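The values are calculated or read from the model by the stated rules, or taken from the named source; none is laboratory data. All of these numbers come straight from a predicted model, not from anything done at the bench. Methodologically, a virtual Cβ is constructed for each residue, glycine included, from the backbone with ideal geometry; neighbour enumeration extends over all protein chains shown. Note: accessible area is taken over every heavy atom of the protein model, side chains too, but ligands, DNA and RNA are not part of it. Shrake-Rupley method; radii C 1.70, N 1.55, O 1.52, S 1.80 Å.
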Amino acid sequence: MLIRRLLMAGSFLLFTCALSVNSYGAEYASVKELCAASAKEFQKINQLKGFMPDQLSDADYQTILKAAEIMVANESARQSKFNLDTNTSNISKLTATHAGRIAERAKGDKVGLIEDVGHNFRFLFLSCRSCHQIYQTEAGLAP
């Protein structure tokens, strides 16, 4: 009887933990899928980075914020879900850092926002490019 109760409690605990998994990055079965999802968000910011501040709407600023937050979550999922070597892990942390800076800046005032986003976007681009040149392209994983 005690064993049955322990098994039931263990099963319930496992089920509860499975439901509490972070929604970002959890649905990606491979690095290629995760990278393709981040690339889609990257392009959303890329399309807006050349505009003057008075040409962007509040929805555009929210697009930048949401895209950066998704990229940060994807990099977190990459680091926790996939087996990474030290170099890939460091590049992933850089990518998350620069996307995080974009997200933090997008939460602030609009004065100087596009310039700051453009500056961090350049370093985000370089981080992504480093990974693609070194690892993803060689392994055929680049989107």
- prompt: Excluding Gln47 itself, what net charge comes from residues whose Cβ is under 14 Å from its Cβ, given Lys and Arg +1 and Asp and Glu -1?
  reply: +2
message: Keeping every protein chain present and rolling a 1.4 Å probe, give me the accessible area per residue for the stretch 60-102 in Å².
response: 45 Å²
- request: Would you mind calculating the gained length between Asp54 and Asp116 on full extension (0.36 nm times residue separation, minus the Cα-Cα distance), in nm to one decimal?
  value: 20.8 nm
- prompt: When Lys and Arg each count +1 and Asp and Glu each count -1, what net charge do the other residues less than 15 Å away from Ser127, Cβ to Cβ, add up to?
  reply: +3
task: Just tell me which lysines come within less than 16 Å, Cα to Cα, of Lys93; anything on the same chain fewer than 8 places away is out.
output: Lys81
- request: Mind checking the full-extension length gain between Asn90 and Ala29? Use 0.36 nm per residue of separation minus the Cα-Cα distance, one decimal, nm.
  value: 19.8 nm
message: For Lys110, give me every one of the aspartates and glutamates with a C-alpha distance below 20 angstrom, ignoring sequence neighbours fewer than eight places off in its own chain.
response: Asp54, Asp58, Asp60, Glu69
task: Evaluate E = 1/(1 + (r/R0)^6) for Gln79 and Asp109, where r is the Cβ-Cβ distance and R0 equals 22 Å; express this FRET efficiency to the nearest 0.05.
output: 0.10
- prompt: Local charge sum around Val111 (other residues, Cβ-Cβ under 12 Å, Lys/Arg +1, Asp/Glu -1)?
  reply: -2
